[in-house]
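Report on one structure; see the data block that follows.
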Amino acid sequence: MSKAPRLLVVGGVAAGASCAARARRLREDAEIIVVERGPDVSFANCGLPYHIGGEIGAREALAVQNPASLKAMLNLDVRTGCEAIEIDRAGKRVSVRHLSAGSVEWIGYDKLMLAPGAAPIRPALPGIDDPRVFTLRNLQDMDRICAAADAGSRAVVIGAGFIGIEMSEQLHAREIAVHLVELQPQVLPHLDVPMAALLETELRRHDIDVVLGDGIAGFEPGNDKLLCRLNSGKLLEADMVILSIGVQPDTALARSAGLELGPRGHIVVDAFMRTSDPDIYAAGDAVQTRDRISDTPTALPMGGPANRQGRVAADHMFMPAQARPYPGSLGTAIVRGFHVAAGITGWSEKRLLAAGRACQSVTVNDHQHATYFPGAKPLTLKIVWNPESGALLGAQATGFEGIDKRLDVLATAITAGMTIDDLCHLELAYAPPFGSAKDAINIAGFAACNRRDGLVRHVTELPRDPAFQIVDVRPKPLAEAFPAPVPVLNIPFPTLRANLDKLDRSRPVVTLCAFGKMSYFAARVLAQHGFDVASFSGGIKANIDPRTPARHPTA
């Protein structure tokens, strides 16, 4: 584009704002117009729950920019309260309705960016239109929820994914009694069941009523309360309801323009974020990109990918020869529930198995820094890899501190195509306040290589078949304080070699301990003495059912 081009951006939040800002840095002479249906642009929507709970005190902190500041800083023509209603692809123009006045104008473009985002799912349920049923997408939604929280004391949060967890925590901070309802049999359904257990326990410890394996059937209004009827028939009383059951792409404009859409309604784009019309780009929650693990189409409604996609699109518009393609997404995500954090990058084991993909996994327990330094807190890592190549396919982490650090390292490792062997020798920052000489990531690599090399067999469930001998190698006081859920023979590891005669060599053995380390050591001893033995992966701390009365480490 030699002459001064006009870029029209539809949608002024993550992807749209990122695209417009990058475009300005590349072309000072470009005319850049941003139209946004809502009253705000470039706001921090991921921070909305934390203002509701009071952790982000100033509402203005979430309004990162406004039309005036974007004009002053980037010379952008930002028009809020303007809804794009039609694209004339042949004439390269967009019909825009000014919502306050009701007038309509056509705005021409050389390049068009579509960043309409996604809308919260509101299923067609009885009573769904009750004004006490909320979703959270923008600052106005946030304001309405804050007002409802000021007036009420009971909330039902539908959906125990990332947003549902955040909202439960933040409403609790406002002294709201919270029922958290999830259709799946676990919180954080993206994670494997044991990796979500500690967070579920933490929610219950803070008096969140976690209802699993039950969905919402409808709402029944009352004079001073809203009755939430679950699929099971159970009724929960609430002053307010937060729906956090997912989003759907806002692609009606793209559909009416004849742009190619994917099977779930997302806009299909190439690696440079171009749609089926080469002069129209799209990015953010409304688009379909590539999954870095499977190289198949995926859609991730997340702020990080949206911002990076907007940049890729602007680069290709204004410096196509130097533009680098968007490489795809891993879906790296993390959430905090009170003192516990949990997150994932890449694919979970259950997702890989459901897709029929070969994989192996290990779960290890460690601490965020050296145990002899004060303040060491436990964390659990799970890695999944390709059994043929050893390449990492996914990772999950949960614990009290240092979870983001490990997830970030493992996301980088997956992106770089690293293997379980590479994890063994990652040289990570170590000093006692920050880490360990052998970080938990190194330990995960060691455990994975041990499994691959045939040094140990793992089981992820304790067998209830009486033919198995289950040997608990924890110290006796610990074994008695935190009993295993199945009958065991307690032989503390230091005494194992002296007590081999207590075991029947004709029967298989499963060893267990608190964190998985000692059970591995025990399995190696028994294997070299002729026993058919497997180790319980991750130990009781990683696999204990949070619905039992057993105690768990706290912050």
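Values quoted throughout were computed directly from the atomic coordinates according to the rules given, and no laboratory measurement underlies them. Being a predicted model, the structure only gives us computed values, none of them experimental. Reconstructed Cβ throughout: ideal geometry from the backbone, glycine too, with neighbour counts over all protein chains shown.
Roughly speaking, what % of Cα-Cα pairs in the stretch 339-452 are separated by over 18 Å, rounded to a whole number?
45 percent
May I ask you to sort Ser244, Ser436 by Cβ crowding, counting other Cβ atoms within 10 Å and putting the fewest first?
Listed from fewest to most nearby Cβ atoms, that is Ser436, Ser244.
How big is the antiparallel share of DSSP beta bridges in the chain, given as a percent to the nearest 5?
Values: 55 of 100 bridges.
Rounded to the nearest five, the antiparallel share is 55 percent.
Counting other C-beta atoms within 10 Å, which of Lys476, Lys405, Lys225 has the fewest, and how do the rest follow? Don't skip to the end; give the middle numbers.
On the way: Lys476 12, Lys405 19, Lys225 15.
By the 10 Å Cβ count, ascending, the order reads Lys476, Lys225, Lys405.
Just how large is the dipole of the chain about the Cα centre, in debye to the nearest 20, putting +1 at every Lys and Arg Cβ and -1 at every Asp and Glu Cβ?
Taking the Cα centre of the chain as origin, the dipole is about 940 debye.
For Ile85 and Leu212, calculate 0.36 nm times their separation in residues minus their Cα-Cα distance, and state this gained length in nm to one decimal.
Details: separation 127, 0.36 × 127 = 45.72 nm, distance 4.10 nm.
Once the chain is fully extended between Ile85 and Leu212, it gains 41.6 nm.
Give me log10 I(q)/I(0) at q = 0.11, 0.13 Å⁻¹ for the stretch 461-536, Debye formula, one equal scatterer per alpha-carbon, no solvent.
-0.22, -0.31
Only counting other Cβ atoms within 10 Å, I'd like Cys424, Cys513, Cys19 sorted with the fewest neighbours first.
Ordered from fewest to most neighbouring Cβ atoms within 10 Å, Cys424, Cys513, Cys19 come out as Cys424, Cys513, Cys19.
When Rg is the radius of gyration of the Cα atoms in the stretch 176-276 and Rh is its Kirkwood radius, what does Rg/Rh come to?
1.14
When the Cα centres of the stretch 448-467 and the stretch 146-170 are compared, how far apart do they sit, in Å?
Rounded to whole Å, the Cα centres lie 41 Å apart.
Find me the longest stretch of the chain that has none of the exposed GluC sites (Glu not before Pro), where exposed means in a DSSP loop (not H, G, I, E or B) with at most 16 other Cβ atoms within 10 Å. Numbers along the way, then the final one.
Working: sites that count: Glu28, Glu55, Glu175, Glu260, Glu388, Glu427, Glu461.
My reading of the result: 261-387 is the longest stretch.
Using only the Cα atoms of the stretch 1-97, what are the Rg and Dmax in Å?
That works out to 15.0, 50 Å for Rg and Dmax.
Note the direction-averaged projected area, equal to a quarter of the hull surface, for the Cα convex hull of the stretch 30-180, in nm². Before the final figure, lay out each step's value.
Details: hull surface 45.4 nm².
Its average projected convex-hull area is 11.4 nm².
Taking all pairs of distinct Cα atoms, average 1/r, flip it, and tell me the Kirkwood hydrodynamic radius of the chain in Å to one decimal place.
The answer is 25.9 Å.
Report the full-extension gain for the segment Cys46 to Gln322: residue separation times 0.36 nm, less the Cα-Cα distance, to one decimal in nm. Could you put the intermediate results ahead of the total?
On the way: separation 276, 0.36 × 276 = 99.36 nm, distance 3.15 nm.
Net length gain for the segment: 96.2 nm.
How much length is gained on full extension from Ala391 to Glu105, taking 0.36 nm per residue of separation minus their Cα-Cα distance?
Computed gain between Ala391 and Glu105 is 97.6 nm.
Go ahead and run the numbers for FRET between Thr495 and His425, Cβ-Cβ distance against an R0 of 35 Å, rounding to 0.05.
0.50
Roughly speaking, what is the centre-to-centre gap between the stretch 17-84 and the stretch 218-254 when only Cα atoms are used, to the nearest Å?
For the stretch 17-84 versus the stretch 218-254, the Cα centre distance is 30 Å.
Label Val459 and Arg25 with points 7 Å out from Cα along Cα→Cβ: what is the distance between them in nm?
5.5 nm
Return the whole-Å distance between the Cα centroid of the stretch 331-392 and the Cα centroid of the stretch 268-282.
Using only Cα atoms, the two centres lie 35 Å from each other.
Beta carbons within 10 angstrom, averaged per residue: use that to sort the peptides 305-314, 90-99, 409-418, 442-451, highest first.
Packing proxy ranking, top to bottom: 305-314, 442-451, 409-418, 90-99.
Quick one: P(r) of the stretch 91-218 from all Cα-Cα pairs, 10 Å bins, percents rounded to integers, in order of increasing distance.
Calculated over all Cα pairs of the stretch 91-218, the distribution is 10, 32, 27, 14, 12, 3, 0 percent.
Taking +1 at the Cβ of each Lys and Arg and -1 at the Cβ of each Asp and Glu, which of Gln469, Ala14, Leu500 sits farthest along the dipole of the chain towards its positive end, judged by Cα position relative to the Cα centre?
The Cα lying farthest towards the positive end belongs to Leu500.
Sticking with the crude label model, points 7 Å out along Cα→Cβ, report the distance from Glu55 to Leu235 in nm, one decimal please.
3.5 nm
For the residue pair Glu260 and Arg174, what label-to-label distance in nm results when each label sits 7 Å from Cα along the Cα-to-beta-carbon direction?
About 4.5 nm, to one decimal.
Let's see if you can work this out: charge +1 on each Lys and Arg Cβ, -1 on each Asp and Glu Cβ, no other charges. What is the dipole magnitude of the stretch 65-177 about its Cα centre, in debye to the nearest 20?
I would put it at about 280 debye.
Name the residue from Thr296, Val247, Ile280 whose Cα lies farthest towards the positive end of the charge dipole of the stretch 234-313, charges +1 on Cβ of Lys and Arg and -1 on Cβ of Asp and Glu.
Thr296
Identify the chymotrypsin sites (Phe, Trp or Tyr not before Pro) of the stretch 282-381 meeting these criteria: DSSP loop state and at most 15 other C-beta atoms within 10 Å of the C-beta.
Within the stretch 282-381, the qualifying chymotrypsin sites (Phe, Trp or Tyr not before Pro) (loop, at most 15 other Cβ atoms within 10 Å) are Tyr372.
Could you work out the helix-only [θ] at 222 nm for the chain, with each DSSP H run of four or more residues adding -39,500 (n - 2.57) and the total divided by the number of residues, to the nearest 500 deg cm²/dmol?
Per the formula, -7500 deg cm²/dmol.
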